[in-house]
1. Work out the length of the dipole vector of the chain about its Cα centre, built from +1 on the beta-carbon of each Lys and Arg and -1 on the beta-carbon of each Asp and Glu, and round it to the nearest 20 debye.
2. Which value results when the Cα radius of gyration for the chain is divided by 2.2 N^0.38 Å?
3. In whole Å, what is the distance between the alpha-carbon centres of the range 40-62 and the range 18-33?
4. For the chain, what does the helix formula give at 222 nm: sum of -39500 (n - 2.57) over DSSP H segments with n ≥ 4, over the residue count, nearest 500 deg cm²/dmol?
5. If you stretched the chain out fully between L67 and Q33, how much longer would it get, using 0.36 nm times the residue separation minus the C-alpha to C-alpha distance?
6. Which loop-located GluC sites (Glu not before Pro) does the chain contain, where loop means any DSSP state but H, G, I, E or B and the Cβ has at most 11 other Cβ atoms within 10 Å?
Amino acid sequence: ALEEAIFQVNQSQSEANDSVSRLLAGENEELHQVALATQRAEIEFELLLQVRNKAVQAYQEIMRMQL
């Protein structure tokens with residue numbers, strides 16, 4: 001599941017970069033579509049980062065437990 005999430009975030013960022021490139025090249029790309037693609041990629045990345053942080057916190061908590 002984590003691998004799929006990382007792949008999806010990477011794909012969203014790639015699509016956002018392609019969209020920005022097309023806009024800057026003067027191709028038929030709407031500004032609002034570019035803004036939406038970049039925001040979507042940013043939100044997905046932030047979510048993945050938060051999930052990673054929670055996983056690290058859970059691991060650290062488990063390591064602090066005494067048996």
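Each reported figure results from applying straightforward, stated rules to the coordinates on display, with no laboratory input. It should be emphasised that the depicted structure is a prediction, and the values quoted were computed from it without experimental measurement. Cβ coordinates were reconstructed from backbone atoms using ideal geometry, including for glycine residues, and neighbour counts include every protein chain displayed.
1. Working: 5 positive and 11 negative charges, 87 e Å.
The dipole magnitude comes to about 420 debye.
2. Working: Rg = 17.3 Å, N = 67, 2.2 N^0.38 = 10.9 Å.
Dividing the Cα Rg of the chain by 2.2 N^0.38 Å gives 1.59.
3. Centre-to-centre (Cα) distance: 31 Å.
4. Details: 2 runs with 57 residues, N = 67.
So the calculated ellipticity at 222 nm is -30500 deg cm²/dmol.
5. Details: separation 34, 0.36 × 34 = 12.24 nm, distance 5.37 nm.
Full-extension gain reported as 6.9 nm.
6. Numbers: sites: E3, E4, E15, E27, E29, E30, E42, E44, E46, E61; in loops: E27, E29, E30.
Filter output for the chain: E27, E30.
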